[in-house]
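Visitor: Please read through the structure below; I'll follow up with questions.
The values are calculated or read from the model by the stated rules, or taken from the named source; none is laboratory data. Owing to the predicted nature of the structure, the values given are computational and were not obtained by experimental measurement. Positions of Cβ are backbone-derived with ideal geometry, glycine not excepted, and every protein chain shown enters the neighbour counts.
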Amino acid sequence: MAKAATPKIVLSPSRDIPFDKLVLSQSNVRRVKNGVTIEDLANDIERRGLLHGLSVRPEIDADGTETGLFEIPAGGRRYSALAILVKRKRLAKDAPVPCVVKAANDPVLAEEDSLAENSHREPLHPLDEFRGMKLLTDKGEREEAVAAHFRVTPAVVRQRLKLASVSPKLHEVYAAGDMTLDQLMAFTVSDDHARQEQLWKQLDHSINKSPSFIRDKLTEDMVAMSDARVLFVGLDAYLAAGGVAPTRDLFEPDDGGWLTDPALLDRLVAEKLDAEADKIRAEGWKWVEALVDLPYGYDEDCRAIEAVHELPTEADEARIAELRAEADALEDQWAGKSDVPPEVDARVNAIDAELATLSRGRFTYDPEEQARAGVFVGLEADGTLYIDRGYVRPEDEPDEEADEASEVEGEAVSEASGDEPEGEGSHPVAPVSGEAADPISAPSGDDDDDDVIKPLPDRLVAELTAARTVALQDAFAQNPAVAFAAVLHAMVLTTFYQVRTESCLELSVSRVYFPFQAPGLRESAAARAMDERHAGWKARLPKSDKDAWDAIQQLDGADQAALFAHCAAYAVNAQWEPVPKHGGGRVSAHGVARRIQHANVVARAVGFDMVATGWRPTVENYLGRVTKPRILEAVAEGVDPQKAGLIDHLKKGDMANEAERLLADAGWLPEPLRMPDAEPVLPIAQAGSGDENGEALPAFLGEDDDDEDEPDSAYAVAAGAVSAAPPFPSSPPSTARPSAGPFRVAARSPSGRTAFHPHDRRSA
């Protein structure tokens, strides 16, 4: 039997209907305002005309008769926009409107037509939108005009155009759904299509395809605009020297983008630093050391000279008043305005800087001291100069020994000639060098003039003071409070005053120096904490070292203990250093191993945790400086062996970057930073006590009645539980002087020889 033919559909006819014959239908399902406003739609129709006709049906009365009007179940917003144009007199009341006319008795409900028209819409694919805007700009449309046409901001248009500039091959990947919009946005930071395509191919074998990783890979050879070097030189200077405009990310806050010529930037930084150093050197300094990144401890072994603060002069005050008047005038002129010209903003900043300088007054130095001192110059994170004036290097110190010898020689000549100091309180003094014959062999003959008091012989003075020294040592040993204060005083002198100390204790703190250190160590949290603590104590201590003793005595036990710990901290040395293979060096392998052992003991005692300090393995501090097997070992230990297997095919640079991401929160540490397994360290006593005079002691000096049965060396007990720390050949060498423990506190016997710890067995 033949199949019955399916009737063809017949489309509703279209016709132009006068606007005044159209009315809104109550069958329109759109009730809530959403999206483009009616006003914006009216403006668009005024410019472009009506792009879509209205769907209408004849209006019928109660008797079923057509009234001559037409209801609009689909197209109500367009009708409302046309009504606005009629009201503006931009459209005639009877202007013909293109309409699709459906029968009044159509079997499909008017409400269904309304719902279908608003539901069966599919917005443009973003890629089509990007390309469409690009076509408009290619045909001469300005970005502002395109933005106005599509009712978006010019910034949005620029973003769309940037997306359209990505490699067409990546567009195809995005269109196929194999790339997210966020990933495509990340590729816009580079205009190099070949590099974009290469990176996407590499990501096929990577578990990390995040937008941030893509951005980092595309900008790894660039310098961020937020870099201190860029802020120091300035973008204008960089462009004037031949640099290209920065590459920008229109989708993420990037502080202005990236510069693509690091070599040019470094040259400009060096030239400007040299120029600034010359200006500072012209102040009368002997030397200026200018570095982009001043290392931590840059001022070690240098003596700081004091500056004299001079208040602003009358001329300075007059200039301050002038600048403030100018600043007030500018503020009155531009207050509340958002379009402040750049030159006005720059002038306000210049006024603020000059006012700050003048208000501080001037700092002057003794010309003789300044002539042998120098200045350290570096860059702060915000690109401003860090200037630290007034440091004397050890080799530039005056020869005090020669001066003292000259003074002594003059005194000896004076005494030999019979000259005596005038005034009450004068006493005979012993000669210091080779005046009299040996007192044992010198006769007390009858030739001596009984009326002349001659200086005591050298040897006699030495013998008498030796006896006094032993007696003082005994008394010193019986008074822990004074002993603690004296040791603290000696440590304060070498820590804060950097002078040839006037102390009877043959003891000093030798600060540990790090000739090799990772960039940014000076800016680390621990380094800043040490510097801030040091500055706080320096502000509390007197300017002169001669007043330090009295100042220390005025501190309570807690403050003394805190100051003691701060000074001692600079002597801690937990750094591994290589030992010469053929001997003859200043350190032995055994000595270095014992240093590391004791450092671990101290670390346990203070509850030290390197992870808690914020240290994380990065490409810069570890992963980029070891071999690929080491990187894979770190990921396997810190995260998961399977994760290590996922990156083992990558090139070293990519592997290091991926490992940094995987280990960010793993708490993994390389071997030199780990604490070896060992028995717990004996606790440090915390209960304080007083001496026989009732003087309060620092908490850690308190004695317990049961201490007599304890070993006399906690270190000896604790060190026995610690396995020998292995040397780490990957660590940088150090020029620090050796020590059996991690503390570089040198205690010397009266003979001048170093009094080593009884457990020290360093090789000669």
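Visitor: Please indicate, with yes or no, whether at least one residue in the stretch 581-602 is in contact with a Leu (Cβ under 9 Å, 6 or more places away or on another chain) and at pLDDT below 80.
Guide: no
Visitor: Right, another one. Would you mind listing the strands (runs of 3 or more DSSP E) fully within the stretch 51-126 where at least 1 residues are at pLDDT 80 or above and of a type in the set (S, T, N, Q)?
Guide: In the stretch 51-126, 54-60, 66-74 are the strands (runs of 3 or more DSSP E) which contain 1 or more residues that are at pLDDT 80 or above and of a type in the set (S, T, N, Q).
Yes or no, residue by residue, for (1) in contact with an Asp or Glu (Cβ under 7 Å, 6 or more places away or on another chain); (2) basic (Lys, Arg):
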position	(1), (2)
Val344	no, no
Arg347	no, yes
Glu354	no, no
Leu358	yes, no
Pro367	no, no
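Visitor: Return the only residue of Asp345, Asp403, Asp328 being assigned to a helix (DSSP H, G or I), surrounded by 12 or more Cβ atoms within 10 Å (Cβ to Cβ) and either of a type outside the set (S, T, N, Q) or at pLDDT 85 or above (or both).
Guide: Asp345
Visitor: Would you call Lys162 in a helix (DSSP H, G or I) and without any contact (Cβ under 8 Å) to a residue 12 or more places away in the chain?
Guide: no
Visitor: Among the listed residues Leu555, Leu563, Leu493, Leu505, identify the single one that is assigned to a loop (DSSP other than H, G, I, E, B), at pLDDT 80 or above and in the same structural domain as Ala603 (by TED's automatic domain parsing).
Guide: So the residue among Leu555, Leu563, Leu493, Leu505 that is assigned to a loop (DSSP other than H, G, I, E, B), at pLDDT 80 or above and in the same structural domain as Ala603 (by TED's automatic domain parsing) is Leu555.
Visitor: Give all pairs with beta carbons closer than 9 Å in which a residue from the stretch 315-338 that is closer than 14 Å to Glu354 by Cα meets a residue that is in a helix (DSSP H, G or I) and of a type in the set (S, T, N, Q); count only pairs at least 6 apart in sequence or on separate chains.
Guide: Asp316/Ser359; Ile320/Ser359
Visitor: Specify the residue that is modelled with the lowest pLDDT; the eligible residues are those in the stretch 614-650 that are of a type in the set (Asp, Glu) and either under 27 Å from Gln198 (Cβ atoms) or surrounded by fewer than 15 Cβ atoms within 10 Å (Cβ to Cβ) (or both).
Guide: Filtering first and then ranking leaves Glu620.
Visitor: Report every pair of residues separated by at least 6 positions or lying on different chains whose Cβ atoms are under 9 Å apart, first residue within the stretch 521-539 and loosely packed, with under 15 Cβ neighbours inside 10 Å, second of a type outside the set (Phe, Trp, Tyr).
Guide: Glu523/Asp293; Glu523/Ala381; Ala525/Thr613; Ala525/Gly614; Ala526/Thr613; Ala526/Gly614; Arg528/Arg522; Asp531/Arg522
Visitor: Something else about it: Can you tell which of Ala599, Ala603, Ala636, Ala593 is farther than 24 Å from Trp200 by Cβ, assigned by TED's automatic domain parsing to the domain that holds Ala568 and over 28 Å from the mean Cα position of the chain (by Cα)?
Guide: Ala593
Visitor: Of all residues in the stretch 214-236, which are touching a residue at least 40 places away in the same chain (Cβ under 8 Å) and part of a strand (DSSP E or B)?
Guide: Val223, the sole residue that qualifies.
Visitor: Starting from the stretch 54-65, keep only residues that are exposed (fewer than 14 other Cβ atoms within 10 Å of the Cβ), then list their pairs with residues that are hydroxyl-bearing (Ser, Thr, Tyr) and assigned to a strand (DSSP E or B) whose Cβ atoms are within a distance under 6 Å, requiring at least 6 positions of separation or different chains.
Guide: Hits for this filter: Asp61/Thr67.
Visitor: Continuing with the same structure: Output the residues belonging to the stretch 352-398 that are surrounded by 16 or more Cβ atoms within 10 Å (Cβ to Cβ) and of a type in the set (A, V, I, L, M, F, W, C).
Guide: Answer for the stretch 352-398, where residues must be surrounded by 16 or more Cβ atoms within 10 Å (Cβ to Cβ) and of a type in the set (A, V, I, L, M, F, W, C): Leu358, Ala373, Val375, Phe376, Val377, Leu379, Val392.
Visitor: For the stretch 191-209, which positions are modelled with pLDDT of 85 or more and of a type in the set (Gly, Ala, Ser)?
Guide: The one that is modelled with pLDDT of 85 or more and of a type in the set (Gly, Ala, Ser): Ala194.
Yes or no, residue by residue, for (1) buried (at least 18 other Cβ atoms within 10 Å of the Cβ); (2) not in a helix (DSSP H, G or I):
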| position | (1), (2) |
| --- | --- |
| Tyr238 | yes, no |
| Ala245 | no, yes |
| Leu250 | no, yes |
| Leu264 | no, no |
| Arg267 | no, no |
| Ala275 | no, no |
| Lys279 | no, no |
| Trp285 | yes, yes |
| Glu289 | no, yes |
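Visitor: Considering only the stretch 224-236, state which residues are within 24 Å of Leu184 (Cβ to Cβ) and buried (at least 19 other Cβ atoms within 10 Å of the Cβ).
Guide: Result: no residue meets the conditions.
Visitor: State yes or no: is Val611 buried (at least 16 other Cβ atoms within 10 Å of the Cβ) and β-branched (Val, Ile, Thr)?
Guide: So Val611 does not fit the description; no.
Visitor: Cβ-Cβ distance below 6 Å, separation of 6 or more or different chains: which pairs start in the stretch 73-96 with a residue that is on the phi > 0 side of the Ramachandran plot and end on one that is of a type in the set (Gly, Ala, Ser) and surrounded by 14 or more Cβ atoms within 10 Å (Cβ to Cβ)?
Guide: Gly75/Ser55
Visitor: Please go through the stretch 360-393 and pick out each residue that is hydroxyl-bearing (Ser, Thr, Tyr) and closer than 30 Å to Asn349 by Cβ.
Guide: Within the stretch 360-393, Thr364, Tyr365, Thr384, Tyr386 meet the criteria.
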